[in-house]
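Enquirer: Sharing a structure here in structure tokens format.
Since every read-out is calculated from the coordinates, none of them should be taken as a lab result. These numbers come from a predicted model, not from an experiment. With ideal geometry, Cβ positions are generated from the backbone for all residues, glycine too; neighbour counts draw on all protein chains shown.
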Amino acid sequence: MTCIGSDVSKPADIDPARFAGIFRTCPSAIRRPRALPLRQLVQQWSILAWSLHATEDEKAGVSACAIPWADIVIMEGMRTVFEAAGGNAGLHRLAEAWHRRVMADEVVSHAFSHGFHPQHVERLAAYWAEALGGPSTYSDFYGDETSVVRMHSGNGEHDEMDRRAIACFDEALADVGLAEDRPLRQVLHDYFAWTTTTTMSRYHHSADDVPGGLKIPRWSWDGLQE
């Protein structure tokens, strides 16, 4: 029986013709949150390539004991999080699902008790799209980060509301089918949790404390883009 271990993948083992297909399918394989050393990345690539191209007979003869599947995360490659989430349409579905969830939550719905913009879902989806690598529709037509943060400021601390809003977001991911992709689910959760508990919760005392000229933070597979 063959056992795939740490020595299976060396640069000499790589068949460029085989990898051409891999790059079209999933152009990068990295372990978050940090990039791997080149040799280790090549090792993971070789295992990934083998797993995608091996015949059933070949797979049946391999021991999985040493295959680091837990370390291999297909990150959608050159695609942005925006694209992986389904683009504008996918994020619009997510915004709708989240809005339904929070309106049904007795704590989070309090944030909307004084009314909300009739295009709230569309604006929210556009904001997420821009933050996650999509078009700058929100900045071009609706406002900048300063205007968004001011809308969420001056309301005192609301830790419980934040926790429940994040829980609603996780449930919304499942509602629209985005929770099935573990790396995508994690990066979306991390983004929403970060912005909810950081940028949108920074100015508890007054919206006047929010500085002008803020730009929408960008988030990618490896987190906040400085």
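Enquirer: Quick one: length gained pulling Asp140 to Thr197 fully straight, 0.36 nm per residue minus the C-alpha distance?
Expert: Full extension of this stretch gives 18.0 nm more.
Enquirer: For Asp105, Asp140, what's the fewest-to-most ordering of other Cβ within 10 Å of each Cβ?
Expert: Asp140, Asp105
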